[in-house]
Amino acid sequence: MTAQPEQRVSHRRRTTKRRAVIASVSALGLTGAAIVTTTMLSTAGAASSWPSDTGSKPVSKTVPVSGVYDGGMKKFYGTGALGGDGQDEGQDPIFELADGATLKNVVIGTPAADGVHCKGSCTLENVWWLDVGEDAASFKGTSSSAQYKVIGGGAKKADDKVLQFNGAGKLTVSGFQVEDFGKLVRSCGNCKKQYKRTIVLSDIDVTAPGKSLVGINTNYGDTATLSRIRIHGDGKKKIKTCTRYQGNDSGKEPKDLGSGPDGTYCKFSASDLTYD
């Protein structure tokens, strides 16, 4: 079940000499994993297609990761206890990363269960979700100094959230692409334990339909900084940029306080977003 590349011709960037060289090398028969490592980690705008996997691997029990785990662009998908692809809360993930771990060069297929969990600081590098389950990734570290990095990769078909920020610290997402989604990043609005969270989104390709780029809780001091956000297929600008909420720790639905830049919590200007 190889994931078929989906060409995004309407917003493909002009081919660079570097990518032309890579294409010729591909014709000589180098593995897709090697090519993806060199191309997909440049910028989201430079990635014109979704990668093909190098083989499939069913996962019936959460894979623990410490140190660096390189999946070689294999497609991992849930089976058995991890065979769910709905929005039920509390599902187990395909991968669980220990504090300081890195997951790289992985395609997560369907069923995707609850994707990836980070128990502390982590790096997700060139990770692709073909059909997001409950969430693509959840960040759960409790230290204010925790650093979560999502570098390259992409996600699509997310009924609700792509990246769920439950813990404390800073989440940086760069060179990422997302399409057909609910919310790209959400700072948990009603977790039992709440924290101040810092979110940075840079060099992101967003393809409609989608509901919101980021949601934060101003009463806990959350901030979101956006730059180089390219939004495709949303000429009427229906996708909300940065939504501010009044979060709580009681489990109630958080109050929507409005969206858009305000210079304090939602930090960006009109020039940081482009539409085509």
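The values are calculated or read from the model by the stated rules, or taken from the named source; none is laboratory data. Computed from a predicted model, the values in this text were never measured in an experiment. Cβ placement follows ideal geometry from the backbone for every residue including glycine, while neighbour counts extend to all protein chains displayed. Quick note on the areas: whole protein, heavy atoms, side chains included, nothing else; ligands and nucleic acids left out. Shrake-Rupley method; radii C 1.70, N 1.55, O 1.52, S 1.80 Å.
Scan segment 182-207 for residues that are hydrophobic (A, V, I, L, M, F, W, C), closer than 30 Å to residue 49 by Cβ and open to solvent by 10 Å² or more (accessible area, probe 1.4 Å) and jot them down.
The answer is 200, and nothing else.
With segment 82-155 as the region, which strands (runs of 3 or more DSSP E) entirely inside it contain at least 2 residues that are over 19 Å from residue 184 (Cα atoms)?
95-97, 101-108
Quick check on segment 156-178: of everything there that is assigned to a loop (DSSP other than H, G, I, E, B) and within 14 Å of residue 130 (Cα to Cα), which residue is most open to solvent (accessible area, probe 1.4 Å)?
159
Any residue in segment 179-199 that is of a type in the set (Lys, Arg), in contact (Cβ under 8 Å) with a residue 40 or more places away in the chain, in contact with a strand residue (DSSP E or B) (Cβ under 9 Å, 6 or more places away or on another chain) and in a loop (DSSP other than H, G, I, E, B)?
Looking for residues that are of a type in the set (Lys, Arg), in contact (Cβ under 8 Å) with a residue 40 or more places away in the chain, in contact with a strand residue (DSSP E or B) (Cβ under 9 Å, 6 or more places away or on another chain) and in a loop (DSSP other than H, G, I, E, B), one finds at least one in segment 179-199, hence yes.
Among the listed residues 225, 274, which satisfies the condition of being in contact (Cβ under 8 Å) with a residue 40 or more places away in the chain, open to solvent by 10 Å² or more (accessible area, probe 1.4 Å), of a type in the set (Ser, Thr, Tyr) and under 25 Å from residue 116 (Cα atoms)?
Among 225, 274, only 225 is in contact (Cβ under 8 Å) with a residue 40 or more places away in the chain, open to solvent by 10 Å² or more (accessible area, probe 1.4 Å), of a type in the set (Ser, Thr, Tyr) and under 25 Å from residue 116 (Cα atoms).
What number of residues within segment 254-271 are open to solvent by less than 40 Å² (accessible area, probe 1.4 Å) and within 18 Å of residue 206 (Cβ to Cβ)?
Final tally of qualifying residues: 3.
Criterion first (in contact (Cβ under 8 Å) with a residue 60 or more places away in the chain and either part of a strand (DSSP E or B) or in contact with a helix residue (DSSP H, G or I) (Cβ under 8 Å, 6 or more places away or on another chain) (or both)) does residue 203 satisfy it?
Against the criterion (in contact (Cβ under 8 Å) with a residue 60 or more places away in the chain and either part of a strand (DSSP E or B) or in contact with a helix residue (DSSP H, G or I) (Cβ under 8 Å, 6 or more places away or on another chain) (or both)), residue 203 qualifies.
Residues in segment 118-133 that are in contact (Cβ under 8 Å) with a residue 40 or more places away in the chain and open to solvent by 10 Å² or more (accessible area, probe 1.4 Å): how many?
4
Does residue 235 satisfy the condition of being open to solvent by 20 Å² or more (accessible area, probe 1.4 Å), modelled with pLDDT under 95 and not in a helix (DSSP H, G or I)?
Yes, satisfied.
Considering only residues that are basic (Lys, Arg) and under 15 Å from residue 214 (Cβ atoms), look in segment 238-253 and name the one that is most open to solvent (accessible area, probe 1.4 Å).
240
Could you figure out which of (1) open to solvent by 40 Å² or more (accessible area, probe 1.4 Å); (2) at pLDDT below 95; (3) in contact with a strand residue (DSSP E or B) (Cβ under 8 Å, 6 or more places away or on another chain) isn't true of residue 96?
With (1) open to solvent by 40 Å² or more (accessible area, probe 1.4 Å); (2) at pLDDT below 95; (3) in contact with a strand residue (DSSP E or B) (Cβ under 8 Å, 6 or more places away or on another chain) applied to residue 96, the lone miss is (2).
In segment 39-85, which residues are at pLDDT 95 or above, aliphatic (A, V, I, L, M) and open to solvent by 50 Å² or more (accessible area, probe 1.4 Å)?
If the condition is that a residue be at pLDDT 95 or above, aliphatic (A, V, I, L, M) and open to solvent by 50 Å² or more (accessible area, probe 1.4 Å), then 68 is the only one that fits.
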